[in-house]
Structure formats: structure tokens, C-alpha cells
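Trainee: Shown below is the structure under consideration.
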Amino acid sequence: MQGPPPFKRGRSAERKKGPREREAWRGAGAPAIQKKMRYLWTSALKDTKRRLADPAALAVWIGLPLFVGTLLSVISSGGGGVPKAHVLLVDQDDTPASRLVVTASTSGRMADYLIVERVTEADGRRKMDAGEASAMLVLPKGFQRAILDEQPAELVLTTNPSQRILPQIVEEGLDMLVEAVFYAQQILGEPLRRIAQGPEGGGSVFSSETIASLSVDINNRVARLQNVVFPPVIGLRTPSPEARTPQTIGVMATVMTPTMLFMSLLFIAQGSARDIWQEKIQGTLRRSLAVPSHIGWFLAGKVLAGAALAAVVTLVGLVIVRFLGVPLLRLPGAFVWCTFNGAALLCLFNFFDTLAATETGARMLSTIIVFPMMFMGGSFFPFEAMPPWMQAIGRWTPNGLGGQQLKALLRGAPDYGELAVATLVIIGLSAVTFLITVRRVRGAFATS
Amino acid sequence: MIEVQDLRKQYGDLVAVDGVSFTAAPGCIFGLLGPNGAGKSTIINCLSGLLPPTSGRVRVLGHDVVAQPMEARRELGVVPQELALYEDLSARDHLAYRGAAYGMSGSDLKTRVDEVLGIIGLQDRAREPVKRFSGGMKRRLNFGCGIVHRPKALLLDEPTVGVDPQSRVRLLDLVREQVAGGTCVLYTTHYMEEAQELCDRIAIMDHGKVLAIGTLNELRAMLEEHDLVRVRGRFDPTRVRQALASLDRIDVVSAEPDLVVVAAQEASRKVSAILAALTQSGGEIQETSLSQPSLESLFIKLTGRQLRE
Ligand SMILES: Nc1ncnc2c1ncn2[C@@H]1O[C@H](COP(=O)(O)OP(=O)(O)OP(=O)(O)O)[C@@H](O)[C@H]1O
Ligand SMILES: [Mg+2]
């Protein structure tokens with residue numbers, strides 16, 4: 001929460017509050033400010049108590065990320081009914097080793113989220129250009145040779161830029177596969193080479209000695225590998241128009257969960273803002289305008305209560321993210337960021353709600369605003385799944401700004417410059433909307 | 001002390017309060033009596049700082065409500081006409097929150113909350129959410145919220161609306177207790193009996209203007225001890241006026257096809273003459289009543305209509 005901003009006097013004829021009121025808001029001395037802070041705190045507390053009395057709304061807000069998180073973990077463990085990535089496979093080598101990769105990618109766990117189609121390279125390019133597949137994997141000529149010679153080999157994976165989630169799944173899956181092939185190479189490379197060269201002396205049958213020594217050799221290699229990790233010799237290269245940060249943690253943790261978390265924050269803000277109307281209708285707002293503390297403290301209490309709620313929901317979201325493998329160290333920053341964004345979004349929606357002339361009007365207005373904000377700002381479909389023009393606009397929505405930085409924080413690769421800009425923009429927007437809300441509430445809103 | 005000087009409040013073209021002046025002294029109950037829409041709540045809202053006056057001055061204990069709003073509000077307790085309560089919070093939560101809003105804290109606040117719970121008789125239900133309260137209990141809590149911070153001036157805007165006679169008596173007692181402690185009370189109502197019973201001074205209002213102001217006795221004197229004779233039936237208003245004009249020292253307050261109201265001193269002696277005149281004018285008498293001078297008779301005399309219409 002940012003500190004209480006100073007209030008300016010209104011200019012309209014109706015607003016003739018004297019300079020003394022400003023003084024009272026700023027607090028003349030230490031005991032005065034203490035009283036204000038206590039009022040702020042008790043205001044937040046009373047709103048929180050009232051929230052807790054409505055567990056249904058709370059359940060929706062906290063349950064949303066939980067529900068989505070559960071759904072995603074089902075996806076990542078390969079449950080049924082999951083969208084599959086369409087992968088084109090070009091086998092230019094056509095050897096036992098390359099066929100092994102093809103088989104591996106069409107069976108077992110990989111088959112749960114990949115539909116693999118073998119194509120020629122030209123055919124594959126055409127289909128990729130037409131956007132008919134998520135990715136194309138090329139096993140280059142000489143792939144088996146490279147494996148047998150323990151030479152670096154490179155699989156080329158081209159992903160479809162218009163689809164971003166599914167290709168990422170493919171990439172992660174193939175990473176695993178490539179690792180498996182690497183270990184196979186480490187274990188079997190030398191014996192395989194000897195077998196491929198054929199029996200010594202040009203015969204057609206291996207001698208018992210050779211077989212025995214091959215067995216011992218294989219056994220030793222397995223033993224040697226058990227506790228050692230080698231740098232992989234086979235690399236998976238993904239030519240991509242933009243450089244991407246190394247993807248070590250799943251797409252669920254760094255894309256889907258943050259997306260859903262911001263969806264929750266949006267709904268919390270939209271729902272909590274309705275409270276100003278409730279206070280107006282039940283007359284408690286007018287009563288609070290008659291106390292000797294500036295109404296700004298009362299409204300700041302509401303924002304604080306909203307931030308507390310955002311913090312709880314964030315906590316749930318971050319537990320899921322942690323469970324999906326994000327290191328603990330990245331979470332405190334993400335927590336602060338989300339709570340801050342929750343408060344900022346509440347300032348924004350308080351502003352929208354006080355613009356309307358009736359409660360129904362406010363409900364309509366905030367609904368009309370929240371859905372485009374959610375869709376454009378990447379809080380429903382992640383940016384990664386959006387067309388570029390939409391991303392370009394959406395990144396500058398308040399939730400888009402916040403959501404993007406949350407993803408960066410979770411990936412452990414925040415750009416501090418961008419983060420600072422986002423923070424300033426969000427603080428500025430909150431301050432402006434909060435001040436306008438205070439003025440409206442003190443003026444026409446409360447007494448109309 | 002509450003001072004209102006030439007107060008005027010306009011909503012667009014509508015003049016809700018039109019040049020009202022009065023002073024309410026400490027230890028007294030000042031009543032604002034008037035029908036719906038007279039402008040009572042508007043005056044209360046100007047005093048509590050909710051509405052800026054269009055012109056005129058309002059002061060609470062010497063502090064100008066516009067120029068020194070925080071000082072004025074500190075001394076002021078407000079009990080609004082509509083219930084202003086949180087359905088999900090308890091009585092104790094309400095009182096503690098209102099106290100904190102006026103800068104109270106710690107043991108002082110706690111003691112005072114217990115005290116007020118005792119005053120409004122809600123100790124037993126102190127921890128229940130307000131949504132389980134009856135209307136009368138809510139009214140009492142609404143009142144309690146206005147007195148937690150021991151205000152020196154109290155604004156009560158029709159605090160007894162919609163409560164049963166028993167709760168009403170209880171609430172009026174609460175108001176008297178406050179006044180006994182030296183508080184200055186401004187009390188609005190459209191119940192004559194309430195104003196008559198409770199208030200030391202009364203201003204009678206209609207259409208944003210004060211029609212008469214004074215103690216109950218002073219107001220009665222304005223009626224010149226006139227009694228009111230009210231006759232229901234069927235009449236011809238013109239002929240009624242002609243017939244009654246011949247009678248000495250009576251005042252026709254209103255003559256309508258179904259109701260004739262006449263004001264006269266010692267009216268009981270003149271009732272037979274009045275009835276005779278009405279019968280002669282061709283009227284048909286169904287019901288007759290005689291009332292002693294009261295605020296209602298004064299209001300009728302001042303405005304030509306009944307307070308509750
Ligand atoms: N916010 C407002 N905007 C426009 N007109 C208003 C507003 N509030 C009150 N009025 C008008 O001002 C006049 C006085 O209203 P007010 O509420 O002061 O009356 P009142 O004496 O308190 O009546 P009641 O006994 O019904 O409470 C009425 O004609 C009312 O319609
Ligand atoms: Mg009123």
C-alpha cells in the first residue's frame with residue numbers, strides 16, 4: 001500500500017470545505033496521525049469482518065485459483081480430455097536411432113499430449129506455414145552416426161508462433177525425450193559402435209568373449225552413470241524469432257497459474273468495489289462522513305481490506321505454484337506484487353463504481369469493463385495464446401502490466417527496468433483513481 | 001449549543017430550507033416539527049457537514065460547520081433518520097468502530113462501549129449480528145452509535161420512526177438522560193405528541209420555512225387559547241362560511257365539503273350555536289369533536305391543513 005496522498009480542495013462551488021479539513025487529514029501531530037491510523041485500521045477490520053460473514057463470495061474468490069490449479073495439474077499428469085499438440089516429425093536420417101526417437105514420441109507419456117505425424121520436410125514447412133500444427137521436429141541426417149560417435153547432434157524444433165502454450169508443452173516433452181536419448185547414448189554408444197562394426201575378423205557371429213566383454217562394458221557404463229550427470233551431447237534447438245529465457249519450470253507454474261491468479265484479483269476488486277454502494281444504500285457511508293476523520297481514511301481502510309483478501313487468494317495461488325516447482329525464493333516478491341496489484345485494481349474499480357448514478361448502473365459498468373480487461377489483459381487466455389496485436393494492447397492494461405511482471409518474477413527473470421515502470425504506472429493510476437473516488441464520495445456520490 | 005442563522009439550502013430549483021434561524025441551548029431539547037418534506041433532514045445534514053449550505057451559517061459549540069468542520073464534528077453526535085447499520089456486525093462492533101472514528105481507544109473505549117450497551121439495553125445481545133435484531137433493537141443501536149463519543153451536541157432525526165410504543169417510551173427516556181447530562185439536543189419529528197412531551201423549545205416548519213418558534217406555552221399563547229371544533233359531514237363550503245360569519249368571535253379555519261374546522265375561545269359554550277348554523281346552511285352533521293389547544297391546532301391554524309396529510 002502506498003502512503004496516504006494529500007488531498008486537494010475541490011474547485012466547484014459546492015465544495016467549500018475549509019483549509020482546516022486538509023489539516024485534519026494530514027494530521028497536525030503525532031497523536032493525531034496515530035488516531036488516523038487506528039481509524040484506518042479499524043475501518044479495514046470492520047470490512048474484513050463483514051467479508052468473512054459472506055463465505056460464499058470468499059469461496060468463489062479463493063476457490064477459483066484452486067479449481068484452476070487442480071485442473072492444470074490434471075493436464076500436466078496427462079489426464080484425459082486434454083488438448084493435444086499436433087507435431088510434425090521429419091526423419092531425414094531414417095536409421096534405427098532416429099526411428100527410436102519417433103517411436104518414443106508416439107508412445108508412453110509423450111503420446112498423452114502429442115499427436116505425431118511423419119511428414120517430409122517440404123510438406124512439414126507447408127503445414128507449419130498454414131498454421132496446421134503446433135511444432136515441427138527435424139531429425140537431421142547423420143543423427144545415428146552422431147549418437148554412435150558421441151558427437152553433438154542437434155534436433156531442430158520449430159514452433160508455431162501463433163500458438164504458444166501447446167508448443168511449449170511439446171518443447172518440454174521433447175526436452176525429456178532428448179535427455180533419455182542422451183543417456184541411452186552414454187550407456188550404449190561404445191558397445192553399439194562395436195556391434196555396428198560387426199564381429200572382428202569379418203565373421204558373421206560374435207565370439208563369446210566379445211559378448212562377455214560387451215556385457216561387462218555396458219554394466220560398467222550403467223554403474224558409472226548412476227551418480228554422474230553429464231552435459232547433454234544432444235541439444236534441442238528451438239529457432240525462435242525472439243530470444244526466450246530458459247524454460248526450466250513448467251508452463252503451468254509460470255503461465256497458467258499467474259493468469260488465473262490475476263483473474264481472481266480482478267474479480268475480487270470488482271466484487272469488493274460493490275461495497276461502497278452497499279455502504280451508501282444502508283446509510284453507513286453518510287454516517288462516516290459525519291465523523292471528524294477525513295473520509296479518505298475510511299476509503300483507504302476499504303482498500304486495505306481488499307488488499308488483505310487479495311493476499312489470502314495470492315497465498316493459495318502461490319502454494320500451487322510452489323507445488324509446481326517454482327523455487328521458494330521467488331515467492332515473497334510475487335506475493336508482495338500480487339497484493340499490491342490487488343489493492344491497485346480495487347482503487348480502479350472503486351472509481352468505476354462511484355462513477356455510476358445507481359447501483360445497477362455501477363454493476364453494469366464494472367461488468368462491461370472487467371471482461372474486456374480480463375480478456376485483453378491476459379487474465380483469461382494468457383498472452384502466450386493471443387495474437388500479437390492483442391498482446392500489444394493488452395500489455396498496457398493494469399492487469400496486463402501486473403500479470404506480465406508476475407510471470408517474470410515466477411520465472412526468476414524479472415527485468416528490473418520494466419518492473420519499475422510497471423510499478424510507477426500502477427501507483428500513479430491507483431493514486432489518481434483513489435483521489436477522484438474520495439472527491440466523489442465526499443461530494444455528489446454520498447448525498448445524491 | 002447549536003446555532004443556525006438564516007440557513008438556506010437549494011437542490012437545483014427546489015428550495016428545501018428557506019432562511020431558517022434558531023438556537024438550541026445546552027441541557028435542552030429543541031424540536032423541529034414539520035410534515036414530510038418540510039426540510040428537517042436537510043437542516044440536520046447541513047449541521048452534520050454532509051451538505052454544504054447554499055447560504056447562511058451553522059455552528060456547533062461555536063465552531064462553524066463549514067470553516068472548522070473537524071472541530072464541529074468532534075462535538076457532534078448524529079442519529080440519522082434511516083438506520084445506518086452493518087447487518088453482519090454485532091452491536092459491540094458497531095459501538096467500538098464508531099468510538100474509534102472519534103479517536104477513542106483502549107480501555108476508555110471498552111468501558112464506554114459497555115456503558116452504552118447498558119444504556120441502550122443490548123448487553124445480552126451484544127455479540128449477535130445486527131441482522132438478527134428486531135426493528136426496535138436496531139433503532140436503539142442506531143441511537144447508541146451516535147452517543148459513544150459523549151457528544152456535547154446531539155442531532156436526532158426522527159429516531160422513533162417505526163418502533164412500537166414501548167420502545168418509543170424507552171428511546172425518549174434515553175434522550176432525556178442525555179439532556180440531563182448537559183447535552184444539547186436537536187430533535188426532529190412529525191409526531192406532535194412527541195414534540196409536546198419531550199421538547200423544551202419547538203420550531204414548527206413547513207415548506208422549508210419556520211412558521212412559529214417558542215416554548216410549548218409560548219406557542220399555545222399564539223393560538224390565543226383557541227379550541228378547535230371539528231365537524232365531519234356533508235357541507236356546502238360557501239354557505240357554511242356565510243352562516244358562520246354571523247356568529248361572534250369564531251374563526252373558520254377550513255370549510256370543505258366533508259370537514260369544517262372552527263377555532264374559538266371557550267368553544268364548548270359555542271358548539272350548539274355552531275352546529276345550529278351548520279344545519280341551517282343545509283349541512284348534514286355526522287361527527288363532532290372538540291380539541292384543546294395543541295401543536296396540531298397551531299399547525300392547522302398556521303397552514304390550514306393537518307400535520308399528517
Ligand atoms: N438529495 C436531494 N436532491 C433533491 N431534493 C432533495 C434531496 N433531499 C431532499 N430533497 C427535497 O428537499 C425537501 C426537504 O426534504 P427533507 O428530507 O429535508 O424533508 P424532511 O422534513 O426531513 O421530511 P421527512 O419527514 O419525510 O423526513 C423535500 O422536498 C425533498 O424532496
Ligand atoms: Mg427527514
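The values are calculated or read from the model by the stated rules, or taken from the named source; none is laboratory data. Note that the coordinates shown come from a computational prediction; the quantities given were computed from them, not determined experimentally. So basically every Cβ, Gly included, is an ideal-geometry build from the backbone, and we count neighbours across all protein chains shown. With ligands, DNA and RNA removed, areas are computed over all heavy atoms of the protein, side chains included. Shrake-Rupley method; radii C 1.70, N 1.55, O 1.52, S 1.80 Å.
Trainee: What distance in nm lies between label points placed 7 Å from Cα along the C-beta direction at A:T360 and B:D258?
Mentor: Inter-label distance under the simple model: 3.5 nm.
Trainee: Mean residue ellipticity at 222 nm from the helices of chain B, using -39,500 (n - 2.57) per DSSP H segment of n ≥ 4 over the full residue count, to the nearest 500 deg cm²/dmol?
Mentor: Numbers: 11 runs with 110 residues, N = 309.
Helices in chain B give a 222 nm mean residue ellipticity of -10500 deg cm²/dmol.
Trainee: How much net charge surrounds A:L355 when only other residues with a Cβ under 13 Å from its Cβ are counted (Lys, Arg +1; Asp, Glu -1)?
Mentor: Working: positive: A:R363, A:R439, A:R440; negative: A:D353, A:E359.
It works out to a net charge of +1.
Trainee: Which part of the range B:259-298 falls in the paramagnetic zone of B:R239, meaning amide N under 11 Å from the point 7 Å along Cα-to-beta-carbon?
Mentor: B:278-284
Trainee: Given a cut-off of 20 Å, name the pairs among A:K302/B:K110; A:K36/A:K302; A:K302/B:K9; A:K49/B:K152; B:K9/B:K209; A:K280/A:K302 whose C-alpha atoms lie farther apart than that in the structure shown. Walk me through the intermediate numbers first.
Mentor: Numbers: A:K302/B:K110 24 Å; A:K36/A:K302 14 Å; A:K302/B:K9 32 Å; A:K49/B:K152 31 Å; B:K9/B:K209 11 Å; A:K280/A:K302 14 Å.
Where the Cα-Cα span goes over 20 Å, the pairs concerned are A:K302/B:K110; A:K302/B:K9; A:K49/B:K152.
Trainee: Across peptide A:289-300, how many C-beta atoms of other chains are within 10 Å of each residue C-beta, on average?
Mentor: On the way: counts 7, 17, 13, 13, 7, 2, 0, 0, 1, 1, 0, 0.
That works out to 5 on average.
Trainee: Compare B:H94, B:H149, B:H207, B:H63 by solvent-accessible area with a 1.4 Å probe and give them largest first, with all protein chains kept in place.
Mentor: On the way: B:H94 5, B:H149 25, B:H207 135, B:H63 45 Å².
Per-residue accessible area, sorted high to low, gives B:H207, B:H63, B:H149, B:H94.
Trainee: What residues of the range B:175-206 lie in the reach of a label at B:M1, counting those whose backbone N is under 15 Å from a point 7 Å from the Cα along Cα→Cβ?
Mentor: Within reach of a label on B:M1, which here means backbone N under 15 Å from a point 7 Å along Cα→Cβ, the range B:175-206 contributes B:183-185.
Trainee: Next up: Can you compute the modelled spin-label distance between B:T288 and A:T367, with each label point 7 Å from Cα toward Cβ, in nm?
Mentor: 6.6
Trainee: Heavy atoms of the protein only, probe of 1.4 Å, neighbouring chains included. What is the accessible area of A:M390 in Å², nearest 10?
Mentor: Surface open to solvent at A:M390 totals about 40 Å².
Trainee: Which of rounded, prolate or oblate describes the range B:226-292 when judged by the alpha-carbon gyration tensor and an a/c cut-off of 1.5? Walk me through the intermediate numbers first.
Mentor: On the way: a/c = 1.61, a/b = 1.32, b/c = 1.22.
The shape class here is prolate.
Trainee: Rank-order A:340-348, A:425-433, B:35-43 by packing density, defined as the average count of other C-beta atoms within 10 Å over each peptide's residues, highest first. Can you show the working numbers first?
Mentor: Numbers: A:340-348: 27.8, A:425-433: 17.4, B:35-43: 20.9.
Highest mean packing first, the order is A:340-348, B:35-43, A:425-433.
Trainee: Can you give the accessible area per residue of chain B, in Å², using a 1.4 Å probe?
Mentor: Numbers: 12850 Å² over 309 residues.
Ligands and nucleic acids excluded, the figure is 42 Å² per residue.
Trainee: Could you order peptides A:286-298, B:189-201, B:277-289 by the average number of other Cβ atoms within 10 Å of their residues, highest first? Display every interim value, and only then the final one.
Mentor: Values: A:286-298: 22.9, B:189-201: 18.6, B:277-289: 14.6.
Descending packing order for the listed peptides: A:286-298, B:189-201, B:277-289.
Trainee: Determine the shielding of peptide B:74-80 by partner chains: average, over its residues, the number of Cβ atoms on other chains within 10 angstrom of each Cβ. Kindly include the intermediate steps, with their values, before the conclusion.
Mentor: Details: counts 4, 1, 3, 1, 5, 1, 5.
Going residue by residue through B:74-80 and averaging, the value is 3.
Trainee: Go through B:D88, A:D353 and list them by solvent-accessible area, largest first, probe radius 1.4 Å. Kindly include the intermediate steps, with their values, before the conclusion.
Mentor: Working: B:D88 55, A:D353 0 Å².
Ranked list, largest accessible area first: B:D88, A:D353.
Trainee: Compute for chains A and B the buried accessible surface, both sides summed, probe 1.4 Å, and express it in Å² to the nearest 100. Intermediate results must be reported in sequence, preceding the final value.
Mentor: Working: alone 22220 and 14410 Å², together 33550 Å².
Roughly 3100 Å² of accessible surface disappears when A and B pair.
Trainee: How do A:Y39, A:Y416 rank by accessible surface area computed with a 1.4 Å probe, from largest to smallest?
Mentor: Details: A:Y39 0, A:Y416 160 Å².
Heavy-atom accessible area, descending, gives A:Y416, A:Y39.
Trainee: At 0.36 nm per residue, and after removing the present C-alpha to C-alpha distance, how many nm does the segment from B:D124 to B:R232 gain when stretched out fully?
Mentor: 33.8 nm
Trainee: Now for a different question. Counting Lys and Arg as +1 and Asp and Glu as -1, each charge on the Cβ, what is the dipole of the range B:202-248 about the Cα centre in debye, to the nearest 20?
Mentor: On the way: 7 positive and 7 negative charges, 74 e Å.
That gives a dipole near 360 debye.
Trainee: Would you mind calculating the relative contact order of the range B:167-285 from Cα pairs under 8 angstrom and at least 6 residues apart, reporting the percent as a whole number? Mind showing how you got there, number by number?
Mentor: Working: 138 pairs, mean separation 24.6, N = 119.
Reported as a whole number, the value is 21 percent.
Trainee: Same structure again: Residues with amide H under 5 Å of A:I115's amide H, sequence separation 5 or more or different chain, H placed in the peptide plane at 1.01 Å from N; which?
Mentor: A:A85, A:H86, A:V87
Trainee: Relative contact order (percent) for the range B:226-292, with alpha-carbon contacts under 8 angstrom and 6 or more residues of separation? Before the final figure, lay out the partial values.
Mentor: On the way: 132 pairs, mean separation 33.6, N = 67.
Across the range B:226-292, relative contact order equals 50 percent.
Trainee: Once the Cα atoms of helix B:91-101 and of chain B are each reduced to a long axis, what angle between those two axes, in degrees from 0 to 90 to the nearest 10, is obtained?
Mentor: 80
Trainee: Would you mind computing, in nm to one decimal, how far apart the modelled labels at B:A25 and A:V425 are, each placed 7 Å from Cα along Cα→Cβ?
Mentor: 6.7
Trainee: Report the one residue of B:N36, B:A100, B:Q196 whose Cα lies farthest in the direction of the positive end of the charge dipole of the range B:2-221 (charges on C-beta: Lys and Arg +1, Asp and Glu -1; origin at the Cα centre).
Mentor: B:A100
Trainee: Among B:178-188, A:263-273, A:361-371, B:110-120, what's the highest-first ranking by average C-beta atoms within 10 angstrom per residue? Each step should come with its number before you reach the end.
Mentor: Numbers: B:178-188: 20.2, A:263-273: 25.2, A:361-371: 15.7, B:110-120: 17.5.
Averaged packing, sorted descending, gives the order A:263-273, B:178-188, B:110-120, A:361-371.
Trainee: Among the lysines, select those whose C-alpha is under 20 Å from the C-alpha of B:K270, and discard any that sit fewer than 8 residues away in the same chain.
Mentor: B:K270 reaches B:K301.
Trainee: Turning to a different aspect of this structure: Count, for each residue of A:278-285, the Cβ atoms from other chains sitting within 10 Å of its Cβ, then give me the mean as a whole number.
Mentor: Rounded to a whole number, the mean comes out at 4.
Trainee: What is the set of long-range amide H partners of B:T183 at a cut-off below 5 Å, with H atoms built 1.01 Å from backbone N?
Mentor: Residues meeting the criterion, in which the H sits 1.01 Å from N, are B:G27.
Trainee: Which one, B:A67, B:V169, B:S90, is farthest towards the positive end of the dipole of the range B:2-221 when Lys and Arg carry +1 and Asp and Glu -1 on their Cβ?
Mentor: In the range B:2-221, that residue is B:S90.
Trainee: To make sure I understand the rule: partners must be lysines, Cα under 29 Å from the Cα of A:K141, and not fewer than 8 residues away in the same chain. Which ones qualify?
Mentor: Leaving aside lysines fewer than 8 places away in the same chain, those within reach of A:K141 are A:K84, A:K127.
Trainee: Rounding to the nearest 20 debye, state how big the charge dipole of the range B:2-221 is about its Cα centre with +1 on each Lys and Arg Cβ and -1 on each Asp and Glu Cβ.
Mentor: Working: 26 positive and 27 negative charges, 76 e Å.
Dipole about the Cα centre, nearest 20: 360 debye.
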